Amino acid sequence: MSKVDLEVPLMRALVSSIPVYTIGLGTKMDEGVLRTFGTTSGAAYLSAPTTDQLTELYDKLGQQLAGQYAIRYTSRSPSDGNIRNVKLDYVV
């Protein structure tokens, strides 16, 4: 049992823009806390009542995350209000 209030790690995740997926294994856990943390951080809560279901759950999560990308660009040009085109190439 953690001695840290849920608000502390949740605020850190939000400030850092880190989505946290929470996974409940078994039946004796506080699903409300896990669901709140997962969804509020921008991710999700997933449930696996038995260890046999973890592989399927991880595969599903991996497929979902594999399709997500974050791209960040910082211009070295002055902030003069002009529009600048940025070309982005990707390989499938």
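The values are calculated or read from the model by the stated rules, or taken from the named source; none is laboratory data. It should be emphasised that the depicted structure is a prediction, and the values quoted were computed from it without experimental measurement. Here the Cβ positions follow ideal geometry from the backbone for every residue, glycine too, while neighbour counts run over all protein chains shown. Surface accessibility is based on the protein's heavy atoms, side chains included, excluding ligands, DNA and RNA. Shrake-Rupley method; radii C 1.70, N 1.55, O 1.52, S 1.80 Å.
Couple of notes before you dig in:
- Reach of K3 by Cα under 19 Å, taken over aspartates and glutamates that are not fewer than 8 positions away in the same chain: D30, E31
- Accessible heavy-atom area order of L88, L25, L46, highest first, probe of 1.4 Å: L88, L25, L46
- Calculated mean projected area of the Cα convex hull in nm² (choose from (1) 9.5; (2) 5.6; (3) 7.0), label: (1)
- Accessible surface of the chain, 1.4 Å probe, proportion on carbon and sulfur as whole %: 54 percent
- Amide H contacts of S41 (H built 1.01 Å from N, under 5 Å, at least 5 apart or other chain): V20
- Exposure rule at most 12 other beta-carbon atoms within 10 Å, DSSP loop chymotrypsin sites (Phe, Trp or Tyr not before Pro): the chain longest free segment: 1-68
- Distance (nanometres) between label positions extended 7 Å along Cα→Cβ at L88 and V15: 2.9 nm
- Along the range 16-23 the Karplus relation, 6.51 cos²θ - 1.76 cosθ + 1.60 evaluated at θ = phi - 60°, assigns HN-Hα couplings of 8, 6, 10, x, 10, 7, 10, 10 Hz to successive residues, with x for each Gly and Pro.
- Label-to-label distance, nm, for residues given as L6 and M29 (7 Å Cα→Cβ offset): 1.3 nm
- Proximity of backbone amide H atoms, modeled 1.01 Å from N, is registered between G24 and L46, S47, A48 at under 5 Å, excluding neighbours fewer than 5 places apart on the same chain.
- Surface accessible to a 1.4 Å probe, per residue, for the residues of the range 6-92, Å²: 85 Å²
- Calculated [θ] (222 nm, deg cm²/dmol) that DSSP helices of n ≥ 4 give over the chain, each run adding -39,500 (n - 2.57): -10500 deg cm²/dmol
- Contour minus Cα-Cα distance for T39 and E56 (0.36 nm per residue): 4.1 nm
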